[in-house]
Amino acid sequence: MDRIDRDDPLSGEERGPTSPMEATRVIDFDVARFGRVIADLNFRVSRYANSDRFYEEHEIALYEYFEGRGIYCEDDDDIFEYFQSEQDLTKFVAWYSYYYITDEFSRTFPELYLMRKKSQLSLLEKEILQSYVDHCLSIYEIQNVDLGKGVEIKDIFDGGVYYIWDGDASKNLYKWDLVYTGILKVRDLYFFSGMPLTTIPLKLRHFIEGNIGEFFQEQKEDYTSLEHYLRKASAEILALIENASLHLQRPPFPFQTKVSPQFITTVHWRIKDPVIFPRDLQQSHLLTDEAVQRMGEPGRAKTRYVSFDGRDFNVLLGSVVRRMLISDLETLVAECESLEQAKKMRVLLGQRFGPVLKYRMMVCRKLDPAIAYNPEASPEAAEGDREAGGEEPKKEGSTRKYENWVNEKIPDIGNVTPREAVKTPEGRNKILELLKEFENQNEKVIRRGLKNAEKFVFPLEKVKRELGL
């Protein structure tokens, strides 16, 4: 096994450069050296996490990863069909290897690796693994881009600002981009972790931020803080982001009020008492006698669940649910054919089993896996074909089309003009958020070197002056 950096005599020392030029050389050297050690360590931790020793953890992780996407399979081998590309599978492997919290040990694999391989690790490797433990996945806003070197990012939840040393990422990120990822601190430098970046369309910021806050408040009794929630619910948050990005890329996504064969809505509960709930369900007469008998049959592995379909329900339940699953992981899922049915199911089970069930979420998805979320599709596609403010991009003309923009009614800010909106604090904030989208689009157009780029650039400074911003 390679022992990269383990015999470095400076691995535990602080170095103090004596001149700006020397400081630059030292930083560049450290960035390259640390990056090499991080990549090597990521490989070893991933290999450790995916070993046969943790086969059952891998099964549970697959279940947890796809639960937020409303996907369940009778056979675990079939679930791999839902990875739409190699990139999608790579993202799962990275999440599982670095951020999945093991069921048996309640620790991530970097934390387990640090505990069990401590004597074989250098001081630098221990610091990197500890940084995985200290920093959870979060959503970051790109504040500035230093092409070829790195990016300055801001955590949208705690406001922390970090300079990330990553030349490759700086070439693919733009000011005001939103990314869901992890960071590592090595000495006084910060790097992106081994988790691939998930870019979030700017139009989804308030939707994603609001839903995460709402989910946290609904389950606040189970978490000590928002950071604790972000750490424990990372798979759920990633699914929320990808589902929302899919719906934005392929609008409109119909949250069916009526039954549709193309869509399905799943309702998720956490079983607070796994002993009392099965007993109460058996006594509720919502299931047939045959279905009740099946509840007592043990699964083949910890990730298995008991599945019930239409023939197992009585008339009351059969009218609102097509399938119901009870997982060994203390989860209850009901599959409905419309949002209206899902809401009725939530009310029905809430009335019958309120004390032993805790509602978690609803997930709407298309049944055909061939049109499921494709991570290879650029998230920019969701906004690239449509200008901020609801206008369709026009190839002809120049910035002249924006000359009267401040006096036009804009749907994204409440169907009022920017001149009117800027007069109130709420409207002013909406204008600033909208201008971020324009600035983000301007940078993409200019840096990509599009022909006649000036024709597509929004006159940001001119508009700011007119609005007094």
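Structure notes:
- Computed packing ranks the peptides 168-174, 83-89 as 168-174, 83-89, most packed first, by mean other Cβ atoms within 10 Å.
- Under 5 Å between amide hydrogens, built in the peptide plane, is the criterion, and for residue 357 it picks out 272 among residues at least 5 positions away or on other chains.
- Spin-label pair residue 29-residue 85: with each label point 7 Å from Cα along the Cα-Cβ axis, the two points sit 4.0 nm from one another.
- Between the amide H of residue 410 and those of 415, 416, 417, distances stay under 5 Å, these residues lying 5 or more places away or on another chain, with hydrogens modeled in the peptide plane.
- The local environment of residue 414, defined by Cβ-Cβ distances under 10 Å, has a net charge of -1 under the rule Lys, Arg +1 and Asp, Glu -1.
- Packing-based ranking of 194-203, 48-57 yields 194-203, 48-57, ordered from highest to lowest mean Cβ neighbour count within 10 Å.
- Surrounding net charge for residue 115, when Lys and Arg each add one and Asp and Glu each subtract one, Cβ distance under 11 Å: +4
- Taking a Cβ cut-off of under 13 Å around residue 148, the surrounding Lys, Arg, Asp and Glu residues balance to a net charge of -1, with basic ones at +1 and acidic ones at -1.
- Checked against a 28 Å cut-off, the cross-linked pairs 171/423; 430/462; 409/444; 91/185; 117/154; 126/272 give Cα-Cα distances beyond that limit for 171/423; 117/154; 126/272.
Computed from the coordinates by the stated procedures, all read-outs in this text should not be read as laboratory data. Small disclaimer: the values here were computed from a predicted structure and weren't measured. Here Cβ is always computed from backbone atoms with ideal geometry, including for glycine, and neighbour counts include all displayed protein chains.
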